[in-house]
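Rule-based calculations on the coordinates, nothing more; no lab input. These numbers come from a predicted model, not from an experiment. Note that we place each Cβ from the backbone using ideal geometry, even for glycine, and neighbour counts take in every protein chain shown.
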Amino acid sequence: MMSKLIAATSTFEGPAIQWFKISPILALLGGALLLILVGSLTPQWKRGWYATASVVTATTAAVLTGVLWNQMSDDKSSTLVGGAISFDHFSLFATFAICVAVVLVSLVANDYLVREGEDGPEVYGLMLTAAIGGVVMASANDLLVLFLGLETLSLSFYLLTASNRRRMQSGEAGLKYFILGGFASAFFLYGVALLFGASGTTNLQSMATVFSTEVNISGSNGLLLAGIALMLVGFAFKVSLVPFHVWTPDVYQGAPTPVTALMGSVGKVAAFSALIRVFMIALPSRIDDWRPAILVLALLTLVVGSLLAVVQTDVKRMLAYSSISHAGFILVGLEAAAHIGHADSHLGISSAMGYLFIYSILVIGTFAVVSVVAGAGDAATSLDAFKGLGKKRPVLALGMTVLLLAQAGVPLTSGFVAKFGIIRAAVSVESYALAVAAMLAAVIAAFLYLRIMVSMWLSDPADDAPVVVSKSVGLAITLAVVATLLIGILPGLLLGVSQTIGF
Amino acid sequence: MFASAEMTTASFPILTMLVLMPLLGAVLVSLLNKNHGEWVKLTALVSSIATGAMSVWMLIKFPTGAAGFEFVSKHSWVSEWGISWHLGVDGISLFMVVLTGVLFPLVIVGIDPHHDHKSYLAWMLLLEAGVMGSFLSLDLFLFFVFFEIVLVPMYFLIGGWGYEKRVYAATKFFLYTMAGSAFMLVGIVATAFLARRDTGVLTFDLVEIAEKANFATGTGRWLFAAFMIAFAVKVPLFPLHTWLPDAHTQAPTGGSVILAGVLLKMGTYGMLRFGVYLFPQAAIWAKPVLLTLAVIGILYGAIAATMQKDLKRLVAYSSVAHLGFIVLGTFALTTQAITGGVMQMVNHGVSTGALFLLVGMIYERRHTRQIAELGGIQAVAPIFAGFFMIVMLSSIGLPGLNGFVGEFLVLIGSFPTARWWVVVATVGVILAALYLLWAYQRVFHGEPNDDNKSFPEITLREGLLLSVFVAAIVFAGVYPKPMLDRIEPSVKALIEHVEASK
């Protein structure tokens, strides 16, 4: 008996793994292990070295992604690790966006941690594990693998949110996020289970085949619809769509500002990529069931996000609501992509991914400025703290202005390119009303960015507290602003890459 | 006719330079140290004068009688999206470009913002680049970029250098215009996609789309409406005008002059270039509505102006009325009326610009704009009063001055196609005389009280500045032929384009 069992296990063959094709994940994993294991066993490193390790890791992963991208153009998309992970332009683009975000956030975090006297390896290690989770989510070809990625990302985020031990708000936000995030994960997993029940598989392609060939399996249609709904709720929570957004302002406000930047960038890219992939690959045959839901969520998210953003008085909360409104824009891209059969529906996916990339740079740049202005203890995040920034730190204020104008979608900034792409996708499939609604929501949201600009430029400083810009955060802001203007003036730089994305 | 003009690509990319020169100035100014105030001013001056000189040179070189686009410059910009850097000038945009080129250096030389010159000048030059680009763009996307980018410098100019309620006015201006543009952006993208059927490839090129595309009746109307909302806010057309009095009243003098002089014309110009030219059938269909709104604007603006206590607000409302005339001329859709409308765009820019300048000078001296607090200024500052009188008469439309030519052409040209609207609009001419003369009487006549007794006479610098405006007013009034000769061929081609679409 025993020998039989041993024989069975010894003949077990793992799937063939093309190691180089998952090298970005391996690079991130290596960096994370280095920081967590070596970093915690060795005495405190010199200032900035933890951040450097994180930056080098993420840069390496980004470069590897670029190399893989160039190889991609020859062969078609494929799956790796026994069909668990997909390898296509879509996943590589998301991976690249996540790596870029980690580089920028590490620079911001360095400034923050040194200032708070908490420099150490844990935060960077967790940022890298979050990135791994994000990459897995964005490339998962199997719902269970996706769930693994989701949990890796979420658990890292809960810890990061609560990582500032000296601030009560940080712990409070971490707990809130943990409890609500747990619910969302449960919803998601329940949805996965029901979909498995309806199809007998968790692999996205097999699922698509099952649903498209067996049009109406008796009795399992209810399972399928409930599964879609529950999974959508889980996703909606993760990307904070109205009405599943209530945690966002509290967590964004309470979390240490660099962590907020990470949630706004890596979190959004990962969750949206997964959402788009699951719905477009596994469920295209049920488009008439879920597209209306996406449409309603998009409208609600755009309008409510923009309206609530305007009435806030805390900049971090404002930007939290503005991130909700941006999520609505990305959803418009998905709605456009869901017009399957229309000649231009492919524009939806590429524009949504372009939007995610651009937005994640913008949001990191913006929160970097917030982090600098907030000063010691991450305390001064009210709108008043920005008063007179134009007089105190004109260059910093100018950078912030560029980032805010980009978020408002003013031409010659990357934000306009992003919005234009989405509007173009929506119009190409004749979703005119949704396109107009999205633009009008952008106008409402513009009021919020104007409020911050008014504070910076048109008010006198409330106090003469100095605003210190360290080298690393200065570099992060500069990179973000340069990217914003460069993509804005020469959109071809990004479009040449993002246009090829699709399934 | 329009399409053939691409052959005349000039060797020197003058139109590109017209956009880039002020932009370069803006960048240089913002890089200079603000402690070197003289250098900052000199840089701003040189770049704006160079732009002005180039625009005048272009005017001289512009072939009289040409109807198509001249000095065309076309380069690929975002090839993935079918967007090109396509600039060109024809009779309709020619004088707006020249007005922009000349007005900016005058404002930069003549009006002192009092504080923070460096940022003020940088924003001014950026604004000039945006306005120039709007008048020159022959690509829908490019036009939108310039049309929208103009908001940013104007927002900061009103918000940073304006009067008491400047932040409110600047925000209102920004959001109103942006809301209008929201519709236009969707309209632009939809136009490009729907025109793809006829043009073969996805392109945002205005000429390409206008000449080849053939929109279904209903589609064309929707698209036309999307564009019109943006332009109606910008003009502004009743009932979307409420941002204008606030913006004008709160803006610094330089901002008001530019706003009245060229910025509002982006709306009326857009109506011609992107409304009538792209969607001629829809323009004919929408004619009654737009003419009615224009006439309501004329009367409403005039009546509201009559009741204002604030001199600057009065001039602002008079703008609403004057722009109503331009819209009336535009949608009467006759060669004469549109020619008059185009000329009136320039005339309004010159005379209302000058009026805002004069009101600004009054405020500098007396620190009030309330008509009731002024009075008897003619007795103490007769030359100042004389300048005000000439500019005001031009605004009223006195024969022999520029306002008359444009207004008369609009009315007489519109009469055959829009008789009853003209009849009502003529009342507006009379009302204009009423509110302006009445205001003049209250401000300049009578005995000056103690505050007004010390009203300083015009300085040499102010006098020279105003002389430029007055010279333009008189010249265009007495001898409008050179102007009309250059405007008319393009307008004629446009009308033929409209007729052909019927």
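What FRET efficiency comes out for B:Glu164 versus A:Thr313 if R0 is 30 angstrom and r is the Cβ-Cβ distance? Round to the nearest 0.05.
E between B:Glu164 and A:Thr313, to the nearest 0.05, is 0.80.
Approximating the spin labels as points 7 Å out from Cα along Cα→Cβ, the B:Asp451-to-A:Gln205 distance works out to 8.3 nm.
Using only C-alpha positions, report the orientation-averaged shadow area of the convex hull of segment A:154-292, nm², one decimal. Could you put the intermediate results ahead of the total?
Values: hull surface 32.5 nm².
Averaged projected area of segment A:154-292's Cα convex hull equals 8.1 nm².
With both labels modelled 7 Å from their Cα along Cα-to-Cβ, the A:Ala433 to A:Val468 distance reads 5.5 nm.
Extent along the principal axes, Cα only, for segment B:99-227: 55, 29, 19 Å, with the longest axis given first.
For chain A, the longest principal axis of the alpha carbon atoms and the long axis of helix A:143-161 meet at an angle near 20°.
When a footprinting reagent is the concern and you count Cβ atoms within 10 Å, what order do B:Lys234, B:Lys172 take, fewest first? Let's see the in-between values first.
Values: B:Lys234 29, B:Lys172 18.
Sorted ascending by nearby Cβ count, the order is B:Lys172, B:Lys234.
Report summary: the helix-based calculation at 222 nm, which adds -39500 (n - 2.57) for every DSSP H run with n ≥ 4 and divides by the residues of chain A, gives -24000 deg cm²/dmol. Against the main long axis of the alpha-carbon atoms of chain A, helix A:432-458 sits at an angle near 30°.
Charge tally around B:Trp161: other residues with Cβ under 14 Å, Lys/Arg +1 each, Asp/Glu -1 each, net -1.
Magnitude of the charge dipole for segment B:408-502, about its Cα centre and with charges confined to Cβ atoms of Lys, Arg (+1) and Asp, Glu (-1), is about 360 debye. Contact order for segment B:279-502, expressed relative to its length and based on alpha carbon pairs under 8 Å spaced 6+ residues apart, stands at 29 percent. As a calculated quantity, the FRET efficiency between B:His36 and A:Leu486 at R0 = 22 Å, using C-beta atoms, amounts to about 0.15. When each of B:His114, B:His497, B:His86, A:His326 is scored by the number of other beta-carbon atoms lying within 10 Å, the sequence from fewest to most is B:His114, B:His497, B:His86, A:His326. Using the Cβ-Cβ distance between A:Phe503 and B:Phe12 with R0 set to 41 Å, the FRET efficiency from 1/(1 + (r/R0)^6) comes to roughly 0.25.
A simple charge model with +1 on the Cβ of Lys and Arg, -1 on the Cβ of Asp and Glu and nothing else charged puts the dipole of segment B:279-502 at about 300 debye relative to its Cα centre.
A simple spin-label model places pseudo-atoms 7 Å from Cα toward Cβ; at B:Ala471 and A:Asn221 they are separated by 8.2 nm.
Based on Cα contacts under 8 Å between residues 6+ apart, chain B shows a relative contact order of 15 percent.
Net charge in the neighbourhood of A:Phe183 (other residues with Cβ under 14 Å of its Cβ; Lys, Arg +1, Asp, Glu -1) is +1. Here the sum of -39500 (n - 2.57) over DSSP H runs of 4 or more residues, divided by the residues of chain B, equals -24500 deg cm²/dmol at 222 nm, to the nearest 500. Computed on segment B:27-129, with alpha-carbon pairs under 8 angstrom and 6+ residues apart, the relative contact order is 37 percent. Percent of Cα pairs in segment A:311-429 per distance bin of 5 Å, from zero to the largest separation: 2, 12, 19, 19, 16, 11, 8, 6, 4, 2, 1, 0. With the charge dipole of segment A:354-503 set up from +1 on Lys and Arg Cβ and -1 on Asp and Glu Cβ about the Cα centre, the Cα lying farthest toward the positive end among the listed residues A:Pro411, A:Met453, A:Gly375 is that of A:Pro411.
For B:Ile377, A:Ile489, the sequence from fewest to most other C-beta atoms within 10 Å is A:Ile489, B:Ile377. Here chain B is described by how far its Cα atoms reach on the three principal axes: 73, 58, 41 Å, from widest to narrowest.
Each principal axis of the Cα cloud of segment B:279-502 was taken in turn, and the coordinate range along them, longest first, works out to 65, 34, 24 Å. In chain A, the longest principal axis of the Cα atoms and the axis of helix A:287-310 are about 10 degrees apart. Counted by Cβ distance under 14 Å from A:Val246, the other residues give a net charge of +2, where Lys and Arg count +1 and Asp and Glu count -1. In plain terms, the C-alpha convex hull of the protein assembly as shown casts an average shadow of 44.1 nm² when viewed from every direction. Every pair of different Cα atoms in chain A enters the Kirkwood calculation, which places the hydrodynamic radius at 22.8 Å.
In a simple Cβ point-charge model (Lys, Arg +1; Asp, Glu -1; nothing else charged), the protein assembly as shown has a dipole of about 660 debye relative to its Cα centre.
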